[in-house]
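What follows is one structure encoded as structure tokens, with my remarks underneath.
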Amino acid sequence: MYLVSDLKQFRFWLHFHYEHLAYHCNGACGACWAFSTTGVLEGANFIATGKLRNLSEQQLVDCDHTCDPSEKDACDKGCSGGLMTNAYSYLMKAGGIQSEESYPYTGKSGECRFDSQKIAVKVANFTNIPADEDQMAAYLVNHGPLAVGLNSVFMQTYIGGVSCPLICSKKLVNHGVLIVGYGAKGYSILRFGNKPYWIIKNSWGKRWGEHGYYKLCRGSGMCGMNTMVSGVVTQS
């Protein structure tokens, strides 16, 4: 159980600090899961150390392939997709993740070039967060950003405001993103009024959405955003 408190101040400082990280577009490479993983690690590491580091998605794309192929969804597949929880497990076994500077993003799968001497952040542990959105908000306040999966169908045409689709399947979860905050009231055109919302950092570049961010209706598990939620603890 996570304690709920006032998120307003947290929302703004976290959003501000993420503005200072490099914006990437995963492009034709289906590496959203890797961007979600590095995003949650960057936030957790900042909370633990006060230092904001750009971490390497490319390491995950190139190197995170050790798994049991007989186990459903156990294998991350580079540009063909993956899961954030699989990535955490890989990083715990590998010893950590390099910086973006030492292992830059190329937008395509390549040969693993991981160098254990250049580890920037280590993963101590990770946790799956309950589907209860109040619990998600409380974790966000107390521990940092959340890696989540959702149905991205309505993100394709998003340009701003609060996205509050009338119908959005919760079963077709196909995209990994990062929840960095929430708001109490934001205007939704489809609902003709203000709605509470999540603030989500995407990986489609700064020109997409609201400067790379997405606002999604909060409170009803919209588009399955509460079905695959995780957080991490980093190790210095």
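The values are calculated or read from the model by the stated rules, or taken from the named source; none is laboratory data. The structure presented is a predicted model; accordingly, all values stated were derived computationally and were not measured. We place every Cβ from the backbone using ideal geometry, glycine too, and count neighbours over all the protein chains shown.
The table below lists the values:
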read-out	value
Residues being free of Cβ contacts under 8 Å to residues at least 60 places away in the same chain and either under 26 Å from Gly43 (Cβ atoms) or touching an Asp or Glu at 6+ places or on another chain (Cβ under 8 Å) (or both) - total across the stretch 169-183	4
Within the stretch 25-126, helices (runs of 4 or more DSSP H) holding 1 or more residues that are out of contact with any helix residue (DSSP H, G or I) (no Cβ under 9 Å at 6 or more places or on another chain) and buried (at least 24 other Cβ atoms within 10 Å of the Cβ)	32-49
Residue list for the stretch 123-144, restricted to those being within 24 Å of Ala94 (Cα to Cα) and either among the hydroxyl-bearing types (Ser, Thr, Tyr) or out of contact with any strand residue (DSSP E or B) (no Cβ under 9 Å at 6 or more places or on another chain) (or both)	Thr127
Within the stretch 214-236, considering residues that are touching a residue at least 60 places away in the same chain (Cβ under 8 Å) and in a strand (DSSP E or B), the one farthest from Ala87 (Cα to Cα)	Leu216
The stretch 51-102: number of residues that are over 22 Å from Asp115 (Cβ atoms) and polar (S, T, N, Q)	3
Qualifying positions in the stretch 219-236 - modelled with pLDDT under 95 and either of a type in the set (Ser, Thr, Tyr) or at negative phi (or both)	Ser220, Gln235, Ser236
Number of the condition not met by Thr37 [criteria: (1) at pLDDT below 95; (2) closer than 18 Å to Leu146 by Cα]	(1)
Residues that are touching a helix residue (DSSP H, G or I) at 6+ places or on another chain (Cβ under 9 Å) and assigned to a loop (DSSP other than H, G, I, E, B), drawn from the stretch 175-210	Asn202, Ser203, Trp208, Gly209
Count of the stretch 133-153 residues which are surrounded by fewer than 24 Cβ atoms within 10 Å (Cβ to Cβ), assigned to a helix (DSSP H, G or I) and in contact with a helix residue (DSSP H, G or I) (Cβ under 8 Å, 6 or more places away or on another chain)	3
When residues of the stretch 154-174 are limited to those that are surrounded by 17 or more Cβ atoms within 10 Å (Cβ to Cβ) and among the hydroxyl-bearing types (Ser, Thr, Tyr), the one nearest to Tyr187 (Cα to Cα)	Ser163
